[in-house]
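Here the structure comes first, spelled out in C-alpha cells, and everything after it is commentary.
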Amino acid sequence: MTAATKPVAPSSDAPHYWVEACKHLSRQDRVMRKLIAQHPQVSLKSRGDAFTTLARSVVGQQISVKAAQAVWDRFAALTPHMAPDQVLALPLEHMRSAGLSARKVEYLLDLSARFASGDLHEDQWALMGDEEIIKELTAIRGVGRWTAQMFLIFYLLRPNVLPLEDVGLIHGISRAYYSGEAVSRIEVRELAAPWAPFATVATWYIWRSLQPEPVLY
C-alpha cells in the first residue's frame, strides 16, 4: 500500500466527518490525496470556547500566523482567564502594550461587551445555518466575513466552509496547483467545487502545506 492510498488515521478528537471527508477529497483531487497522506494522525480541533476563538481571530486579522501568536500570547498573559468581563476590565494601555492596534482594542472590547450582555445567540448556533451565523457575527465591530468563517471552522467545526478572503488559502492553492502563479478568487472557487461538501477539510490541508503545525483558534 502506497503513502497516497494509505487510510487516514486522524486523532481521536477529530470531527466525526473527518475520515469520510478525506476519502472524498482523495478521490476527487490528486493534490489533496498527496497532502492528506503527508499529514496523517492530525486533524482540525475545536478549542471549545466561543469567545476565545473569536478574540483570537480578531487578533490574527491581517498579520502572519507567527505574529498573531506572539501578540495573542502577550494579550492572554494580561488576564488569569480569557473571559469577556476580564477583558473589559483591562486598562487600554495594557492592551496596547501587548501589540494590539487601537482599532483591534476597540474590536476586542466590543466583542467582549456583546458576550457579556448576552446579545448573541450562543445557545442556538449549533442549529443555525452558516450564513445565519455569519450575519449575526458580522454585526460585531471588527468581525468581518473572514473572522466569522474562522469561527465556523475552528469553533463550530462546520465541514463546508471555503474562506475565499483567506490569504493562506489563496497562497497555498497558488503553490500547490498553479506552480506559484497568481490565482483569482474565481479560479479558487472553481478549483474548490469538487471539494464540497468538505471544503473546510481541504482548506485545513492547504494550510498544513504552508504551516505543518496546526493553529488552534
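The values are calculated or read from the model by the stated rules, or taken from the named source; none is laboratory data. Since the model is a prediction, treat every value here as computed from it, not as a measurement. Because the Cβ atoms are built from the backbone with ideal geometry, glycine has one as well, and the counts that use them run over all protein chains shown. Calculation scope for accessible area: heavy atoms of the full protein, side chains included, ligands and nucleic acids excluded. Shrake-Rupley method; radii C 1.70, N 1.55, O 1.52, S 1.80 Å.
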Lysine pair count for segment 19-145 [Cα-Cα under 21 Å; pairs on different chains or 8 or more apart]: 5
Run the quick spin-label model on LEU164 and GLU93: label points 7 Å from Cα toward the beta carbon, then report their separation in nm to one decimal. 4.6 nm
What number comes out for accessible area per residue over the chain if the probe is 1.4 Å? Units Å², please. 51 Å²
Test of understanding: extend the Cα→C-beta vector of ASP123 to 7 Å, then name every residue of segment 149-173 with backbone N under 20 Å from that spot. 156
Rounded to the nearest 20 Debye, what is the dipole magnitude of segment 5-124 about its Cα centre when Lys and Arg each give +1 and Asp and Glu each give -1 at the C-beta? 900 debye
Say each of THR138 and SER179 gets a label point 7 Å from the Cα, pointing the same way as Cα to Cβ; how far apart are those two points in nm? 3.7 nm
Helix-only [θ] at 222 nm, the chain, -39500 (n - 2.57) per DSSP H run of 4+, per residue, nearest 500, equals -16000 deg cm²/dmol
Whenever you get a sec, compute what percent of the accessible area on the chain sits on carbon and sulfur atoms (1.4 Å probe). 52 percent
Label the chain by shape, choosing from rounded, prolate and oblate, from the square roots a ≥ b ≥ c of the eigenvalues of the Cα gyration tensor; if a/c is under 1.5 it is rounded, and otherwise prolate applies when a/b is larger than b/c, oblate when it is not. prolate
Report, in whole Å, the centroid distance computed from the Cα atoms of segment 98-166 and segment 30-65. 15 Å
Inter-label distance for ARG27 and VAL65, nm, one decimal - labels placed 7 Å from Cα along Cα-to-Cβ: 2.9 nm
